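Before any comments, here is the structure.
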Amino acid sequence: MRPTHPEMVYEGDTSPLEVSLSNTLGDPGAVKAFQLASEVSQRWRQGESPDLSCVLQSNPELLKYRSVVLELAHEEYCARVENGESVDVGEFASRYPPLQRSLMLLIEVRKLLEHDPFLQSLQAEVTWPAIKEEFLGFQLLEELGRGTFARVFLAHESALGNRLVALKVAHQATEEADTLGRLKHPNIVPVYSVKEDPGTGLSAVCMPYLGRATLCDVVDRAFVNQCPLRQASVVWDILEEVNQPSDGDVDSAAMPAIYRGSYVDCVAGWIAQLADALSFTHAQGICHRDLKPSNVLLSREGVPLLLDFNISTTGEGPSARLGGTVPYMAPEQLRFVAGAAAADTDIADPRSDIFSLGVIAFELLTGSLPFGTIPWAESLEEVAEKLLRLQQLGPLPLDDKNQHVDRGLAQIVERCLAFDPDDRPSSAEELAELLQKYRSPRQHAKRWITRHRYALAALACCLVVACTLAVGYLLTRTPFEIQQFRQAVVCLEAGQNNEAVEHLDEVIRLQPENPEALFARGLAMQRSGDFQQAVEDYRTLIRLNNDPRALACQGYCYAKLGFSTMSIYCNEQALEGGLSSPAIFHNLGWGYSQINRLTAAKRVLEKAIQADPDFGAAYYGLLVVRLNLMSRGVAPAADALQFAADVAEKAPPSPKLYFRLAEFHALLADRSEKARDLTLEYARKAVDLGQPPASLKATRAYSLLRDDPEFAALLATPSRPQTVPEPEPVIAPF
């Protein structure tokens, strides 16, 4: 059986020597690299013996431009083969360690394309737009990368102040843009717009430019010496190296907390975030089906983001085609490639994405693929058959290949790589929960104690001496910092936050790791609205002792800054650390609702109300979540009317509250005549408090009541100034 669309195979940038000669970013290094590479290529074609190693020794600055070196290395390989040399692909690729893995894939994939007429037919000649050219209103600056059927450019969008964007150009890209437009999640690259060029048949998908690093860069650079990384800070250095200084429109970011710990914990955090993003896409009925390191962008802030949904599918209609990248395909996908699956088998299985994510995790942790070297062959079908046999044997032991990976994490990854889909985590949400539990402070402490048990035994022998020194320190320290701390507490209680910060600065200057002073200063800055600086103090305190108070406050600050995923993580860790309060449950529910995990949001908001039956903000949050669930087709609960009455009684009055209550009752109108009456009543209250009457036209209430004279009169009411504030979306835990 021939697949209808094997969007296969190569997993890295395959850009030829296409770096811009002169673009508005003005990177002279890129210009020089392109010119030098062109000269080298020309000399090789004229008969000079090809040897990229010598070129790099004389011109080490070329290594900064990965795509240039990768294409030159491939050109050297082809020249040697054409000259009659017997070249082993693995041995040849090992000469260029930073590119070894990507170079092997590039060589083997192009060999497959040469031997497979069907794949060659998919590579039809396309007139791609050129660098420095204006294309559909975008000034193309340089090519960031290319896949089998698309190219991605760095560009300026002329109509919007020449903002810097990433522009994906491909045939029929509108379907992918339509998919991405539905997926609003902090770990999925968003779409600005999509345009089509009738003359060429090409489409352009415009996305924000968030940097040029992917997980592929991490794998290529992190395992150059074959030794597993210990510290995640090395990854941050890689990101700063890959994201070129010439990208002047993008500010550099401070190193996030996830890069201050171990590399293994960092990888687990990435995979947890990606699993959460997949959980969201799967809930929309969308499977990605082409997960691989080069399809995960690492933004300048170090956040992993899914991209390239061009072969994603719901399993219905013409989009239900086969696709993927061979080393990352699940067995059920490979069976199609090998022609061993029935034509009516469902290919839109979310567990296939979980398998691919497991391959990525294994590769990030070890620098190698889980089933050994890909058994390349003359045809794609043969490759699939051989790899299927390796997958049946199971993955290589992960913790044997990286001793810093404990058995708990290894088991999670190995479950993802199970040959039978039923043996994998049942959903991406379950995988995300497993990884969040693995990364909890309690589990982290257990792993640390296990790894350092001998050192802890030695440390116990020194406790008496340490305690003696500590007592001596307490007896001899000056009272100045104590006095400053007491004055800070008085200022905090009086709401004098700036004055409190001044006193606490003195305490922390003398005692940089004083936990109470750090927490108090973070609290003072939080209360004064300086959330970013508050996060820094909380982060220091968390690093010192995993204080759950700091985690809860950091979660609140992240929410105020708009980082819902980080807010979720911090609040979950605070709960795991034993700190439980209605405010934390409420803030966690808010975070879940922001990424459309509505069932989880409903669960924790109900816990907030159980903990405090008069917690009005939680009632309002739960109203919004239940309203969204009903709008998506979830049947109203039997207690819906009573719940709405409780919300009206407990939640603080505001225009948005009554606006939501009107919409909620409109959805219940076919069940109760009373609900219809309450729809009009709450609509009137919303308008009385300042809700614009015109906004009611976008609700279910409008279709229900548009023929009602009272409602028509309400719509004609002039807008009034808002008389009460809207409820805060999150609540400060302290």
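Quick notes on this one:
- Surface composition of segment 342-440: carbon plus sulfur atoms contribute 48% of the solvent-accessible area (1.4 Å probe, protein chains only, all chains present).
- Taking label points 7 Å from Cα along the Cα-to-Cβ direction, T200 and D614 give a separation of 6.7 nm.
- Taking amide H atoms as placed 1.01 Å from N in the peptide plane, the amide H of L144 lies under 5 Å from those of V152, F153, L154, each 5 or more residues away in sequence or on another chain.
- Ligands, DNA and RNA left out, the 1.4 Å accessible surface of segment 594-707 is 46% carbon and sulfur atoms.
- FRET efficiency, E499 to E240 (Cβ-Cβ, R0 35 Å, nearest 0.05): 0.40
- Remark: segment 586-734 carries 47 Å² of accessible area per residue (probe radius 1.4 Å; ligands, DNA and RNA excluded).
- Inter-probe distance in nm under a simple model that places probes 7 Å from Cα toward Cβ, at K437 and H404: 2.6
- Using equal-weight Cα scatterers in the Debye expression, the normalised intensity of segment 557-611 in log10 at q = 0.22, 0.26, 0.27, 0.29 Å⁻¹ is -0.74, -1.01, -1.07, -1.18.
- Protection proxy ranking, peptides 324-330, 187-193, 389-395, average beta carbon neighbours within 10 Å, highest first: 324-330, 187-193, 389-395
The values are calculated or read from the model by the stated rules, or taken from the named source; none is laboratory data. Keep in mind it's a predicted model, so treat the numbers as computed, not measured. Note that we place each Cβ from the backbone using ideal geometry, even for glycine, and neighbour counts take in every protein chain shown. Ligands, DNA and RNA are excluded from the accessible area calculation, which covers all protein heavy atoms including side chains. Shrake-Rupley method; radii C 1.70, N 1.55, O 1.52, S 1.80 Å.
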